[in-house]
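FYI, it's all coordinate maths here, none of it is from the lab. These numbers come from a predicted model, not from an experiment. Neighbour counts run over all protein chains shown; Cβ positions are idealised from the backbone, glycine included.
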Amino acid sequence: MTKPDETATLAAGCFWCVEAVFSRLKGVEKAVSGYTGGTVSNPTYQEVCNGTTGHAEAVQITFDPGIISFAELLEIFWQIHDPTTLNRQGADSGSQYRSAIFYHDNSQKETAERSLRAVSAAGLWPDPVVTEIVPLTTFYPAESYHQDYYRLNPYQPYCRIVIDPKISKLGKNFRDKLK
C-alpha cells in the first residue's frame, strides 16, 4: 500500500529558483510558486515585491513520501540557498526573500527542527542559520506567468545567471535524486 502524497512549503529566496530545483526531483509530483506567511488575502506579485504584505515567495511541493521524504527535501533546501542571510538571497533583498520552512503538521515541524539542528551542528554554513520554522497559514499560488518560469524562459538572463548554477549544484550533489 502506497502512502498518499504529502505537501511541503519552502521559501528560499526567489520562487523561480526554488521551483526549478524541486521540480527536477524524483517523487516530486508538482512544485507551485506562490506566496505565504503574510497578512493580505490574495496578494499580487507587485504587492509582495513592495514588501508590505509580509508574504514570502515560496514553493508548495507535492511529493510522494515513498520516493522522497520531507527530510530529504530539507537536505536539498539547505544547500540550494544561503539560510544565514536575513531577508536576502543574492541580489534579491526584502522579507519576501526570507528563508523559511512552513510546516503543515507537527511531524513536519519536528523534522524541520531536527534538520536545522543537524545542519547547524555540521557547520555547513559559517554563520548562524536564520531560517524561520513556522506553521503554514494560507498559500496563494502566484500568477500563471510565474509558474514553471525556468523551463519556459531558460535563456532569460536571471535564469542563466542565478538559476543555472543552482541546477548545476543540484546535479552535482544530488544526482541520484533527479528525475
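Quick notes on this one:
- Close pairs (7 angstrom Cβ cut-off, 6 or more residues apart or separate chains): without any contact (Cβ under 8 Å) to a residue 60 or more places away in the chain and farther than 19 Å from Ala91 by Cβ in region 153-179, surrounded by 11 or more Cβ atoms within 10 Å (Cβ to Cβ) and not basic (Lys, Arg) anywhere: Gly171/Leu178
- Matching option when the condition is among the hydroxyl-bearing types (Ser, Thr, Tyr), out of contact with any Ser or Thr (no Cβ under 7 Å at 6 or more places or on another chain) and buried (at least 16 other Cβ atoms within 10 Å of the Cβ), among Tyr155, Tyr97, Tyr145: Tyr97
- The C-beta contact set for region 23-37 (first residue without any contact (Cβ under 8 Å) to a residue 60 or more places away in the chain and closer than 21 Å to Ala56 by Cβ, second residue among the acidic types (Asp, Glu) and crowded, with 24+ Cβ neighbours inside 10 Å, distance under 7 angstrom, 6+ apart or interchain) comprises Ala31/Glu19.
- Filter pass, Thr53 being loosely packed, with under 15 Cβ neighbours inside 10 Å, more than 13 Å from the chain's Cα centre (by Cα) and β-branched (Val, Ile, Thr): no
- Residues that are assigned to a loop (DSSP other than H, G, I, E, B) and either among the basic types (Lys, Arg) or more than 30 Å from Ala71 (Cβ to Cβ) (or both), drawn from region 22-42: Arg24, Lys26, Thr39, Val40, Ser41, Asn42
- Among the candidates Ala142, Ala122, Ala112, Ala118, the residue that is touching a Gly at 6+ places or on another chain (Cβ under 6 Å) and hydrophobic (A, V, I, L, M, F, W, C) is uniquely Ala142.
- Filtered residues of region 62-92 (kept if of a type outside the set (Phe, Trp, Tyr), farther than 22 Å from Pro128 by Cα and out of contact with any Ser or Thr (no Cβ under 7 Å at 6 or more places or on another chain)): Asp64, Pro65, Ile67, Ile68, Ser69
- Failed criterion for Thr138 (all others in (1) of a type outside the set (Asp, Glu); (2) farther than 19 Å from His81 by Cβ; (3) touching a residue at least 40 places away in the same chain (Cβ under 8 Å); (4) assigned to a helix (DSSP H, G or I) hold): (4)
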